[in-house]
Amino acid sequence: MKKLSLLTLVFCLPVLVMAQINPKAKELVSKMTLQEKVKLVVGMGFKMPVLPNSAKKEKDKDVLGIALPPSSEENASIPEKVPGAAGRTHGISRLGIPILTLSDGPAGVRIDPKRGTNQTYFATAWPVGTLLASSWDTALVKKVGVAFGNEVKEYGIDILLAPALNIHRNPLGGRNFEYYSEDPVVAGNITAAMVNGIESNGVGTSIKHFALNNQETNRNSVNTVVSERAIREIYLRGFEIAVKKSQPWTVMSSYNLVNGTFTSESYDLLTTILRKEWGFKGLVMTDWFGGKDPVAQMKAGNDLLMPGTAYQEKTILDAVTSGKLDEKVLNENCERILNLVLISPSYLGYKYSDKPDLKAHAQISRHAATEGMILLKNEAALPLQQKNVALYGNTSYAFIAGGTGSGDVNKAYTVSLLEGLKNGGYIVNTDLKKTYQDYIAVEKAKQPKPKGFFDVIPPIAEMSIDPAGAQKDAAANDLAIITIGRNAGEGADRKVENDFNLTSAEQQLIQTISAAYHAKHKKVVVVLNIGGVIETTSWKDQADAILLAWQPGIEAGNAVTDVLSGKVNPSGKLATTFPVSYTDVPSAKNFPGKETDPTAPSNPMMGKPAEVVYEEGIYVGYRYYHTFNVKPAYEFGYGLSYTSFKYSPVTLSTADFKGKITATVTITNTGKVPGKEVVQLYISAPGKTLNKPAEELKGFAKTRLLKAGESETISLIINARDLASYDTKAASWIAEPGTYTIKIGASSENIKAKADFTVANEIVVEKLSNLLVPKVAINELSK
């Protein structure tokens, strides 16, 4: 029997856990000069390809729109330990305080592969966050984290700027691929597993972006207007779960404002909520160049300003000297930084090798990728029984491992679907292969080179396939596989036309190939190599099978072939909803908000002054679709298998809630092949005093690999906090009295078993304070 508490899912604790302030940290601070303290809270400056030297003020200003002088002239003479890392903290050699190295990124260590020597320093491109969350497997994610953290440590890095767990508020979010889910229970538990895995190596993580960083458009200047309840229940809940279950070394504050205040300058967010309410023990750092007022950031509890500028140093120094900033506050900031320094690999003198076991890690990446792929449709097409395959779509020959920006990885290779199928023993049509490869080579030569970090080159248009040629292919091959590719990343959000919706060329490709192969009674499989949600309703009936492969990392083509062939039975489930159309998305009317001063100058880093109002409130994703009876294309939690599962009736430990209750169900593999099933627990609440979604996910578990006929019993524990909603008027988490329904399902719509229990009296789970209060009225959605 597998027992999992909804708030205390079993994770092994990291080897090093942030605790109370180390006395040695206090001692070191007492020995530091004021100037040294100021340097410690401000990073060493910034280097990136578009900014060759941070001392070149005018170039910095051209690219980012803000003056970025180096934090000190001597920084330029201190060589980087890890070229290509995102930033460094100041060291104080006379006190034995080393420089710490911080590196991106969410899908793999982001460093320079070439350093002026013959050696290369590649890193594993792991499956993107959305794919890992689609596995619903915390043990698997922790295993990925352990290997991921090994690369962090062996490349001489102290802190990884990951994982990222912002909510999929809208499918156009440019960095959704980095994030896990539209649901905070999934996001928080997957994050905790990743953090515990990475930090078991004795290196740090920085969970980000805290908080409500759910868009890229005007991300540095957008004011997010949102209700306290939505903040608490949707956008902070995942961070709360992650902090309480993993105690990450650091938290990264986000760029945006929340109800008028930059998050990095918000005492309510960083001190009252994060530290006092949740018990966070680590340090808080800014996102790169986040916020405006260094003194306000220090007072808010934002300990480390990254990447650091001379302006910040001078401003803080002047503030302490003038009495505007109490030196006691600065001392606390320094103590929290030193608390981390004292457990860092750099301080402990770890002799990193620069030689992690990339070969072994590639196999872990491949396995993880197969576990998060989702079979959206299958009409007797998969697993593949045929060997002769015709491969269509540009991305079949140039598979996308992961997204762009800080989520990109300098990897040695990406296995294409062409290579993966060949490795799996399939025969791929060579004439079609040559035609595509020639076409891609010609079109690539026409593409402009990227001008900077935020510049994403538009994809090559899909090659047109002549119907007569398709008919000839259909006669010569056993089946067709069409790959549809998408990419996005930091600095820009996606568009509806030609991104969320397929291009006309892609629509025509699917139509032409499907007509030709179906005329010969042969199957057509579509593989989605995408980082975010796309529209499927207009074309899915033309495909016999659809495999959502997401962006699967370095071993992409091999992993996809493992699933297509049946070597691995797909067990992924959607952690984000696929709507029928973009207009069905609850935030479609207000994403990404509006510019409040259209005449203001704009640049890729800062954007323009803007505001976005979260009018959908708590009704994000499936909470909206189920409550307001809007039918999605593929619902939250959905995913098919090559086998079938039977759910027993659910049994409850008691019918009357007395602090906690255990729900138990037995899952049996009733098919012919081994497989895994994700068991999802939803709760429908009375909703007498507060608007409540029709149902909310409160827990989940994944079975082990069950052989045909084999069973496993799963128990999930519900406590009072799982029943509670945030009552803004009472400033409390409250579980109201009445009848609650537990729904155990294979998806949010495919409910297999139900059971009721009663809460006799109102339960005030936690009394808090009204914080992050919106300054304007919000016309918030309610049922």
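The values are calculated or read from the model by the stated rules, or taken from the named source; none is laboratory data. Because the structure is a prediction, the values reported are computed rather than measured. Glycine gets a Cβ as well: all are built from the backbone with ideal geometry, and neighbour counts include every protein chain shown. Just so you know, the surface numbers come from the protein's heavy atoms only, side chains and all, with ligands and any DNA or RNA stripped out. Shrake-Rupley method; radii C 1.70, N 1.55, O 1.52, S 1.80 Å.
Values for this structure:
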{"quantity": "Selection status of residue 689, among the polar types (S, T, N, Q), at pLDDT below 95 and open to solvent by 10 Å² or more (accessible area, probe 1.4 Å)", "calculated": "yes"}
{"quantity": "Test: residue in segment 636-643 that is modelled with pLDDT under 95 and hydroxyl-bearing (Ser, Thr, Tyr)", "calculated": "no"}
{"quantity": "So residue 303, is it open to solvent by less than 10 Å² (accessible area, probe 1.4 Å), in contact with an Asp or Glu (Cβ under 9 Å, 6 or more places away or on another chain) and of a type in the set (D, E, K, R)", "calculated": "yes"}
{"quantity": "Filter result (within 17 Å of the chain's Cα centre (by Cα), more than 21 Å from residue 225 (Cα to Cα) and of a type in the set (Val, Ile, Thr)) within segment 133-180", "calculated": "138, 141, 144"}
{"quantity": "Any hit, segment 406-419, residues being among the small types (Gly, Ala, Ser), under 25 Å from residue 467 (Cα atoms), in contact (Cβ under 8 Å) with a residue 12 or more places away in the chain and open to solvent by 40 Å² or more (accessible area, probe 1.4 Å)", "calculated": "no"}
{"quantity": "Flag if residue 161 is buried (at least 24 other Cβ atoms within 10 Å of the Cβ) and hydrophobic (A, V, I, L, M, F, W, C)", "calculated": "yes"}
{"quantity": "Residue within segment 428-443 that is open to solvent by 40 Å² or more (accessible area, probe 1.4 Å), aromatic (Phe, Trp, Tyr) and under 30 Å from the mean Cα position of the chain (by Cα) present", "calculated": "no"}
{"quantity": "Checking residue 291 against (1) in a strand (DSSP E or B); (2) on the phi > 0 side of the Ramachandran plot, the condition it does not meet", "calculated": "(1)"}
{"quantity": "Residue pairs meeting the criteria (Cβ under 7 Å; at least 6 apart or on separate chains; first over 13 Å from residue 284 (Cβ atoms), in segment 243-254; second surrounded by 24 or more Cβ atoms within 10 Å (Cβ to Cβ) and of a type in the set (A, V, I, L, M))", "calculated": "245/192; 246/192; 246/195"}
{"quantity": "Count of residues meeting criterion [open to solvent by 70 Å² or more (accessible area, probe 1.4 Å) and more than 33 Å from the chain's Cα centre (by Cα)] in segment 725-772", "calculated": "5"}
{"quantity": "Number of the exception - residue 522 against (1) more than 24 Å from residue 469 (Cα to Cα); (2) assigned to a loop (DSSP other than H, G, I, E, B)", "calculated": "(1)"}
{"quantity": "All positions within segment 502-515 that are of a type in the set (Gly, Ala, Ser), open to solvent by 10 Å² or more (accessible area, probe 1.4 Å) and touching a residue at least 24 places away in the same chain (Cβ under 8 Å)", "calculated": "505, 515"}
{"quantity": "Every residue from segment 555-575 that is open to solvent by less than 10 Å² (accessible area, probe 1.4 Å) and either β-branched (Val, Ile, Thr) or on the phi > 0 side of the Ramachandran plot (or both)", "calculated": "560, 561, 563"}
{"quantity": "Qualifying residue in segment 547-568 (condition: of a type in the set (Ser, Thr, Tyr), modelled with pLDDT of 95 or more and touching an Asp or Glu at 6+ places or on another chain (Cβ under 8 Å))", "calculated": "no"}
{"quantity": "Residue check for residue 208: at pLDDT 95 or above and more than 26 Å from residue 110 (Cα to Cα)", "calculated": "no"}
